[in-house]
Amino acid sequence: MKVLVGVKRVIDYNVKVRVKSDNTDVDLANTKMAMNPFCEIALEEAVRLKEAGVATEVIAVSVGTSASQEQLRAAMALGADRAILVETDEVAEPLHVAKAFAKLMEQEDIGLVMLGKQSIDSDNNQVGQMLAALTGRPQGTFASKVVVEGEQVTVTREIDGGLRTVRLALPAIVTADLRLNEPRFAKLPDIMKAKRKPLATTNFADLGVTVKQSMRLDRVDVPSVRSGGVKVESVDELISKLKDEAKVI
Amino acid sequence: MTTLLIAEHNGQQLAPATLSALTAAQQIGGDIAMLIAGAEVTAVAEQAAQCAGVAQVLVAQDDSLRYELAENLSALIISLAGDYSHIVAPSNSITKDAMPRVAALLDVGQLSDITGVLSATQFQRPIYAGNAIATVTSLDDKQVITVRAASFAKASAQGGSATVTSVAVPAGSGLSTWVADELTVSERPQLTAADRVVSGGRGVGSKENFALLESLADKLGAALGASRAAVDAGFVSNDMQVGQTGKIVAPELYMAFGISGAIQHLAGMKDAKVIVAVNKDEDAPIFQVADYYLVADLFDVLPELIEKL
Ligand SMILES: Cc1cc2nc3c(=O)[nH]c(=O)nc-3n(C[C@H](O)[C@H](O)[C@H](O)COP(=O)(O)OP(=O)(O)OC[C@H]3O[C@@H](n4cnc5c(N)ncnc54)[C@H](O)[C@@H]3O)c2cc1C
Ligand SMILES: Nc1ncnc2c1ncn2[C@@H]1O[C@H](COP(=O)(O)O)[C@@H](O)[C@H]1O
């Protein structure tokens, strides 16, 4: 079974983003970029499936500018066998990404797609579900446990009330939540080896995907900031502030 | 303009988040139909018909909708979508699962987690963990939208008199089967609907120590929340995580104990009306968003608070 993994290049999760002074977008110039943390988890799961003999090949795919090659090399250092860059200079919307993945699923005869549940930049939480809909395949979103058995995958999902387990017929699309696993770190020899692994480049047109823009970004603003807090010295003072000043208890 | 609003409910009650999404739908304008989907939802449909501004209630009742699996729920919504310009739902784990499918099947984009309605096609939504607010215009002929309930006041659950109509439920896909639920049972208020939230982080130290926070929560009639670190460490269950990738809360009072205040956590609670933080680290970033903060050991503060409240 071949596994396709989504790898998105995003701002490093530790970095607090700045809004451009002309409010046209956020400023990502000279910002530290990284693999989306949820993609790291998705990739780790795919690599473990390969180590367990369940997956035969792990293919990392990124839709983005040529800079995304950096994250694809990182994915190969972490265990992906090869990588595909769907190169575009435009901002790829979730539906465009899903359409590209749908084509690749078909071309590569994929049994399982592992994606992150959410991009930490656009906070969309859409691609996996859209891909499942486009391909008519079942989905297991927000996964905290994934067990592949024969032609099925059993997925435990994090839902609002706790956990829900579903069983899906393969091929299926699974999106990783935070507690699915703890991703490993790449070792130096693997980083060296990754440089020689194949990285193919394609684009929307070659995949036969027509890109129709759904959203226009009109402006980006800094959210209202809370004014600085009041330090209290004791529990008694806290209680009286909450009672008399804030009137919340 | 016509909106199909997907209700959130638990089989007995319409969830408060539905009323917040109803406000967003009212701001979009036009007629509003509310869809109640599930296995046994007659009682919920009656409540829905009372909601202010709802013209029509559509009831889809079938065993295949018991768990509102995304494959089945999205097929149902698609079977109705033709009549509507907007398909709107409060953001929750069911709609996050199903709505992007609806959008893809309609070949349109989705606006996730809107926090403001500027016009029928222009909306605001937080990006980068809430560190920026995007204003976006949908260029599609249909809008598929999930609503961040915490950002909208609740519409009135009274005063309406909608017609109630049953709709046909498409056959389930059969590709996905429910196996089991492991739900957290609690007498406390629901985290996303509570007026008060008491939250603990890694600093709480253990599952056993969380009992202290539970006592405080019970004193205050508050819901219990947690940081990711507390959930990862197994102190509490996953459904208590507050943050960018957990639940978004905006209670009257949010009390954080032993939480450092990472941007991912702040993304989930910084719209609370009053924030209290207790942390022994003078430089804890959470103090920058706290209205009142105490630099102290939470194990000293909690027993005293519980006693004196
Ligand atoms: C992709 C991604 C998504 C994430 N999503 C979320 C999310 O949704 N929600 C979330 O919360 N986090 C999320 N995180 C994690 C986040 O970055 C932080 O790691 C996490 O919030 C830290 O939790 P914490 O504050 O409990 O722990 P820490 O940062 O370890 O802080 C513990 C605090 O407790 C204090 N403390 C310790 N002992 C005591 C004591 N006895 N008395 C008083 N204070 C004490 C310490 O001074 C410290 O400030 C996410 C991270 C990533 C990468
Ligand atoms: N441009 C992209 N390239 C590769 N994978 C992506 C891209 N955008 C989204 N994904 C995948 O889809 C997941 C969910 O993203 P989103 O729906 O944008 O929140 C991510 O964690 C990735 O695994």
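On the stretch given as the range B:74-90, residues that are buried (at least 18 other Cβ atoms within 10 Å of the Cβ) and either at positive phi or without any contact (Cβ under 8 Å) to a residue 60 or more places away in the chain (or both) total 1.
Of all residues in the range B:103-137, those being within 9 Å of another protein chain (Cβ to nearest Cβ), over 21 Å from residue A:128 (Cα atoms) and among the hydroxyl-bearing types (Ser, Thr, Tyr) number 2.
Inspect all residues belonging to the range A:22-36 and state whether any of them is crowded, with 23+ Cβ neighbours inside 10 Å, within 16 Å of ligand 1 (Cβ to nearest atom) and within 13 Å of another protein chain (Cβ to nearest Cβ). Yes; the residues of the range A:22-36 include at least one that is crowded, with 23+ Cβ neighbours inside 10 Å, within 16 Å of ligand 1 (Cβ to nearest atom) and within 13 Å of another protein chain (Cβ to nearest Cβ). Of everything in the range B:92-125, what is away from ligand 2 (no atom under 13 Å from the Cβ) and polar (S, T, N, Q)? Give them in sequence order. The answer is B:92, B:93, B:95, B:115, B:119, B:121, B:122, B:124. For the range B:237-269, the set of residues classified as more than 12 Å from ligand 1 (Cβ to nearest atom), assigned to a loop (DSSP other than H, G, I, E, B) and crowded, with 22+ Cβ neighbours inside 10 Å consists of B:251 only.
Residues checked against (1) of a type in the set (Asp, Glu); (2) assigned by TED's automatic domain parsing to the domain that holds residue B:116; (3) over 19 Å from the mean Cα position of the chain (by Cα):
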{"position": "B:150", "(1), (2), (3)": "no, yes, no"}
{"position": "B:154", "(1), (2), (3)": "no, yes, no"}
{"position": "B:158", "(1), (2), (3)": "no, yes, yes"}
{"position": "B:161", "(1), (2), (3)": "no, yes, yes"}
{"position": "B:172", "(1), (2), (3)": "no, no, yes"}
{"position": "B:183", "(1), (2), (3)": "no, no, no"}
{"position": "B:190", "(1), (2), (3)": "no, no, no"}
{"position": "B:202", "(1), (2), (3)": "no, no, yes"}
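Count of the range A:125-156 residues, restricted to those that are within 24 Å of residue A:99 (Cα to Cα), within 7 Å of another protein chain (Cβ to nearest Cβ), over 14 Å from the mean Cα position of the chain (by Cα) and in a strand (DSSP E or B), is 1.
Each residue in the range B:75-97 was checked for being under 17 Å from residue B:33 (Cβ atoms) and either in contact with an Asp or Glu (Cβ under 6 Å, 6 or more places away or on another chain) or within 12 Å of another protein chain (Cβ to nearest Cβ) (or both), and 4 pass.
Taking residue B:190, is it within 25 Å of residue B:259 (Cα to Cα) and surrounded by 15 or more Cβ atoms within 10 Å (Cβ to Cβ)? Criteria met by residue B:190. Residues in the range A:103-124 that are closer than 26 Å to residue A:145 by Cβ and facing chain B (nearest Cβ under 9 Å): A:117, A:118, A:120, A:123, A:124.
The values are calculated or read from the model by the stated rules, or taken from the named source; none is laboratory data. Here the structure is a predicted model, which is why all the values come from computation and not from measurement. FYI the Cβ positions are ideal-geometry reconstructions off the backbone, even for glycines, and counts take in every protein chain you see.
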